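Each value in this text was obtained by applying a stated rule to the coordinates, not by laboratory testing. Since we're looking at a predicted model, the values are computed, not measured.
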Amino acid sequence: MALILGAPLAALPQPSTPPSQTFQIKEDVERVTKWMYEQSAARAKLGMESREIVKPSFSGERHLMGHEQKLWIGKAKKDMTLSVYKRPSGEWIPLLQ
């Protein structure tokens, strides 16, 4: 992610001690937890930079259109569970002729 944003790896904050691959003892868990909390500022900064990239391409109209499509799909699924004669369209169209 950092490379996408243009930040060189050397510029990123380096952990005091890298986490081990397996967590078998309580001290390892505590050390990794501490390391994760040390990185919270870097994660917040990365999140805000990602937000600035996404914001210009966000469209409220497209977002609402997606929800509208989901509502129509839900309505169609409900209508298909009804008897053929109780469907809102009121007409019966046989599938096999």
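Some notes on this structure:
- Cα-based reach from Lys70 at 18 Å (exclusive), listing aspartates and glutamates while leaving out same-chain residues under 8 positions away: Glu61, Asp79
- Vicinal HN-Hα couplings computed from phi for the stretch 72-83 (Karplus, 6.51 cos²θ - 1.76 cosθ + 1.60; Hz; Gly/Pro x): 5, 5, x, 5, 5, 5, 5, 4, 5, 7, 6, 4
- Anchor Lys75: lysines whose Cα lies under 24 Å away (excluding residues fewer than 8 positions away in-chain): Lys86
- By the rule of a C-alpha distance below 19 Å, with chain neighbours fewer than 8 residues away ignored, the aspartates and glutamates paired with Lys77 are Glu68, Glu91.
- Multiplying the residue separation of Met48 and Thr81 by 0.36 nm and removing their Cα-Cα distance gives an extension gain of 7.3 nm.
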